[in-house]
Amino acid sequence: MNERIRVTAIIGSYRRGGVIDTAVDEILSAAGEAGAETARIYLTERHIEFCANCRTCTLEEGELRGACPLGDEMGGILDRIERSDAIVLASPVNFGTVTAVMKRFIERLACYAYWPWGAKIPKSRTRTMRKRAVVVVSSAAPSILTRLHPGIAGLLKKASGILGARTIGELHIGLAAKSPKQPIGERTKRKARTLGKGLASPKS
């Protein structure tokens, strides 16, 4: 019997039941219907410290992520991601970029770099891109603006790559500030479900 595909969503929204949460619901629901085991992590509900830039995690050479001295939940989150076959990184746009909680999560991915003192540039510990990723971005502005501003989705895609995942799709949701728990449109729902099925497809 084949092992089930594991899909983990990392959610950087401050609002449960909002646009981001609803879109991720559809992605994970479709993945689950396709046979995947799904899980979601709300960054606002986890104890994640700010990176102290001590660089302890970057000093030891090797392919495994470096050990962080901060005693929080980040290590457990990364363990879950490393056991996953696919990931979803989702964040609304706040002040022109991802939310602070998502940015804090991304900064802690420094542990996937080897960067001893004195080296000019870091070397990635990530050798393979065996996972799949989907990035989800919502904005109060029309979605065309987030598509034309590649830095926002690009940051999530870069984080996916650091985690060993190639991005197979992006979901941009615009005009997302009409109400606190705004429903997503049918077109967005269909695309979210298509992306979820893509994440759950057998590993190549």
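The values are calculated or read from the model by the stated rules, or taken from the named source; none is laboratory data. As the structure is a computational prediction, the values presented were derived from the model and not from experiment. All Cβ positions, even for glycine, are placed from backbone atoms using ideal geometry, and neighbour counts span all protein chains on display.
Observations
- Test: residue in the stretch 60-73 that is outside any loop (DSSP other than H, G, I, E, B), of a type in the set (A, V, I, L, M, F, W, C) and either modelled with pLDDT of 95 or more or in contact with a helix residue (DSSP H, G or I) (Cβ under 7 Å, 6 or more places away or on another chain) (or both): no
Residue-by-condition table, conditions (1) closer than 27 Å to K191 by Cβ; (2) not aliphatic (A, V, I, L, M):
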{"residue": "T38", "(1), (2)": "yes, yes"}
{"residue": "E61", "(1), (2)": "no, yes"}
{"residue": "A110", "(1), (2)": "no, no"}
{"residue": "Y114", "(1), (2)": "no, yes"}
{"residue": "A140", "(1), (2)": "yes, no"}
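- Condition check for R108: touching a residue at least 60 places away in the same chain (Cβ under 8 Å), under 19 Å from the mean Cα position of the chain (by Cα) and not in a helix (DSSP H, G or I): no
- Filter result for the condition that a residue is at pLDDT below 95 and over 30 Å from K120 (Cα atoms), over R83, R16: R16
- Scanning the stretch 127-160 for residues that are part of a loop (DSSP other than H, G, I, E, B), over 18 Å from I11 (Cα atoms) and not charged (D, E, K, R) yields T128, M129, A141, P142, H149.
- Among residues of the stretch 173-191, those that are out of contact with any helix residue (DSSP H, G or I) (no Cβ under 7 Å at 6 or more places or on another chain), surrounded by 14 or more Cβ atoms within 10 Å (Cβ to Cβ), on the phi < 0 side of the Ramachandran plot and modelled with pLDDT of 90 or more, counted: 1
- Any hit, the stretch 181-190, residues being closer than 18 Å to S29 by Cβ and in contact with a Leu (Cβ under 9 Å, 6 or more places away or on another chain): yes
- Residue that is surrounded by the most Cβ atoms within 10 Å (Cβ to Cβ) [pool: residues in the stretch 28-54 that are within 10 Å of A200 (Cβ to Cβ) and in contact with a strand residue (DSSP E or B) (Cβ under 6 Å, 6 or more places away or on another chain)]: A31
- One residue alone among A90, A100 is closer than 30 Å to K197 by Cβ and either touching a Leu at 6+ places or on another chain (Cβ under 6 Å) or surrounded by 14 or more Cβ atoms within 10 Å (Cβ to Cβ) (or both), and that residue is A90.
- Of the residues making up the stretch 1-36, those that are of a type in the set (G, A, S) and in a loop (DSSP other than H, G, I, E, B) are G12, S13, G17, G18, A34, G35, A36.
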